[in-house]
Amino acid sequence: MQFDAFISAVIYLTTFLTAGACAYFGIKYKKVSLKILAIALPLLLATFRYSTGTDTLTYRQFYLDIGNESFKASWSRVLVGAMEPVIVLVARLGNILHLDASFMFGIFALITLIFLYATAKNFTKSRVWIFYTAMLFFIFPESLNIMRQIAAVSVQAYVLSYIFRNFRDKRKTNVWLCILLTVFAASLHYSSILLIPVLFLPLLTRKVPTRSLILVLSVMAATCALAYPHLLAMVGDIGIISEKHLETFAATDGSIINVKFILSLVMSIVFLINYRRTNNLRDKNLGIILLGGTVYSAVGFYSAYLGRLAILFWVFIIVSIVEMIWQIFEKDRHRIAVVLGSSAVYFLLYYSILGLGAIALLDFAL
């Protein structure tokens, strides 16, 4: 059952706004059922989609292939690095239970939503629902397309926000928890390994002089933006990565209009300037993390595949923008209207009008 663009947009907006309202009332009145509903609504949308999303039909075919081959053949996909272990195991389990590919979509959407909600909680106690709602508009739609990578990003966003929170509140960080979740993220999508250096940024903000760290990250961002093909060729000559991954990184075209790069750069500058004015460690950490995001998003000018890694930093950009809106406007109704209105406009422009990610037309497996 496929809906046209207008009806699809209405369904998206209604689902995300209702989920946000459930999160709000669930937190306000301490109702677990409403918090569950806040996750369940977008989960249902992602689970029962049929062809919505560029990669969705490819995933459906993969699910069928797994069901028609032996466990040994399936596991060989993992051993040769062709597919991550979690998706292979989920697909095997779903086929054993004689379930449709919707089972696989639901598992990955559930992982994404739980960790996005948990990430929002790490940033604040009073504005969890508004952070979560904004993430539904900005980040979750990507999971209807590149579901493995967004699930992995959501896990790593949680780890980084957990480390960030502990540094902010002077709490002890459970290193083993961070390691286990990082391994889990890598088992969802191998590209997560390339984001591991980001997890050390909060530590470096304390151990390395701020100016030195800013200089290094700025040089790295400029180098990636201007000389990525030459760097990739150098890495290939050294033989650090396999030929298969080298071809993937080199062959995928990037985008001249790199919104992630522009926003990461602007927001990092804003927070670093604010740190100089207030000497607030939180602003310093946010600025450094977003400047690190500028490094990753700079690669997106050349490689869309690697540029997706910058999605991790959208979480921190969203948090930063929401916090700024809360400072600019005095009344809550104005703050909420601006956050939700800008989120909805972004979603409609990016996904419904421009049609990026091929999610504009909802198609349900009913």
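Scanning the stretch 330-366 for residues that are outside any helix (DSSP H, G or I) and surrounded by 12 or more Cβ atoms within 10 Å (Cβ to Cβ) yields 355, 359, 360, 361, 362, 363, 364, 365.
Condition first: touching a helix residue (DSSP H, G or I) at 6+ places or on another chain (Cβ under 8 Å) and among the polar types (S, T, N, Q). Can you find one or more residues in the stretch 95-102 that meet it? The answer is yes, given that some residue of the stretch 95-102 is touching a helix residue (DSSP H, G or I) at 6+ places or on another chain (Cβ under 8 Å) and among the polar types (S, T, N, Q). Quick check: anything in the stretch 180-196 at pLDDT 95 or above, over 17 Å from the mean Cα position of the chain (by Cα) and assigned by TED's automatic domain parsing to the domain that holds residue 349? Within the stretch 180-196, one or more residues are at pLDDT 95 or above, over 17 Å from the mean Cα position of the chain (by Cα) and assigned by TED's automatic domain parsing to the domain that holds residue 349. Taking the stretch 307-366 as the range and being within 19 Å of residue 263 (Cβ to Cβ) and of a type in the set (Gly, Ala, Ser) as the test, the residues that pass are 307, 310, 320, 341, 342, 343, 344, 357.
Where helices (runs of 4 or more DSSP H) fall entirely within the stretch 132-214, those with at least 3 residues that are out of contact with any Lys or Arg (no Cβ under 6 Å at 6 or more places or on another chain), within 18 Å of residue 87 (Cβ to Cβ) and of a type outside the set (Lys, Arg) are at 147-169, 175-188.
Among the candidates 18, 47, 54, which residue alone is among the polar types (S, T, N, Q), touching a helix residue (DSSP H, G or I) at 6+ places or on another chain (Cβ under 7 Å) and buried (at least 18 other Cβ atoms within 10 Å of the Cβ)? Step by step, each of 18, 47, 54 is checked, and only 47 is among the polar types (S, T, N, Q), touching a helix residue (DSSP H, G or I) at 6+ places or on another chain (Cβ under 7 Å) and buried (at least 18 other Cβ atoms within 10 Å of the Cβ).
Listed here are the residues, each with its yes/no results for (1) surrounded by 20 or more Cβ atoms within 10 Å (Cβ to Cβ); (2) without any contact (Cβ under 8 Å) to a residue 24 or more places away in the chain; (3) farther than 30 Å from residue 338 by Cβ.
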| residue | (1), (2), (3) |
| --- | --- |
| 82 | no, yes, yes |
| 86 | yes, no, yes |
| 137 | yes, no, no |
| 151 | yes, no, no |
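Candidates in the stretch 161-209 are the residues that are among the basic types (Lys, Arg) and loosely packed, with under 12 Cβ neighbours inside 10 Å; of these, the one that is farthest from residue 281 (Cα to Cα) is 172. Of all residues in the stretch 263-289, those satisfying the criterion of being polar (S, T, N, Q) and under 20 Å from residue 311 (Cα atoms) are 264, 268, 285. Just to be sure before I move on: is residue 296 buried (at least 22 other Cβ atoms within 10 Å of the Cβ), at pLDDT 85 or above, under 30 Å from residue 46 (Cα atoms) and outside the structural domain of residue 214 (by TED's automatic domain parsing) in the structure I sent? In short, no. Those residues that are aromatic (Phe, Trp, Tyr), within 22 Å of the chain's Cα centre (by Cα) and not in a helix (DSSP H, G or I), I need them from the stretch 15-49; list them, please. If the condition is that a residue be aromatic (Phe, Trp, Tyr), within 22 Å of the chain's Cα centre (by Cα) and not in a helix (DSSP H, G or I), then 48 is the only one that fits. Taking the stretch 292-341 as the range and being more than 18 Å from the chain's Cα centre (by Cα) and aromatic (Phe, Trp, Tyr) as the test, the residues that pass are 301, 302, 326, 329.
Is at least one residue of the stretch 70-82 modelled with pLDDT under 90, more than 21 Å from residue 45 (Cα to Cα), within 26 Å of the chain's Cα centre (by Cα) and not aliphatic (A, V, I, L, M)? Yes, that holds for at least one residue.
Annotation note: Cβ proximity below 6 Å between a residue of the stretch 257-271 that is at pLDDT below 85 and polar (S, T, N, Q) and a residue that is assigned to a helix (DSSP H, G or I) and surrounded by fewer than 20 Cβ atoms within 10 Å (Cβ to Cβ) (sequence gap 6+ or interchain) occurs for 258/301.
Sub-9 Å Cβ pairs linking a first residue in the stretch 17-36 that is over 22 Å from residue 342 (Cβ atoms) to a second residue that is among the hydroxyl-bearing types (Ser, Thr, Tyr) and crowded, with 19+ Cβ neighbours inside 10 Å, at least 6 apart or interchain, are 34/24; 35/117, ordered by first then second residue. For the stretch 103-128, a residue qualifies if it is surrounded by fewer than 24 Cβ atoms within 10 Å (Cβ to Cβ) and either at pLDDT below 95 or not in a helix (DSSP H, G or I) (or both), and the qualifying residues are 121, 122, 123, 124, 125, 126, 127, 128. Of all the numbered requirements in (1) in the same structural domain as residue 290 (by TED's automatic domain parsing); (2) touching a helix residue (DSSP H, G or I) at 6+ places or on another chain (Cβ under 6 Å); (3) free of Cβ contacts under 8 Å to residues at least 24 places away in the same chain, residue 227 misses one, and that requirement is (2).
The values are calculated or read from the model by the stated rules, or taken from the named source; none is laboratory data. Only a predicted model underlies this, so the values are computations on that prediction, with no experimental measurement involved. In this analysis, Cβ positions are derived from the backbone assuming ideal geometry, glycine residues included, and neighbour counts consider all displayed protein chains.
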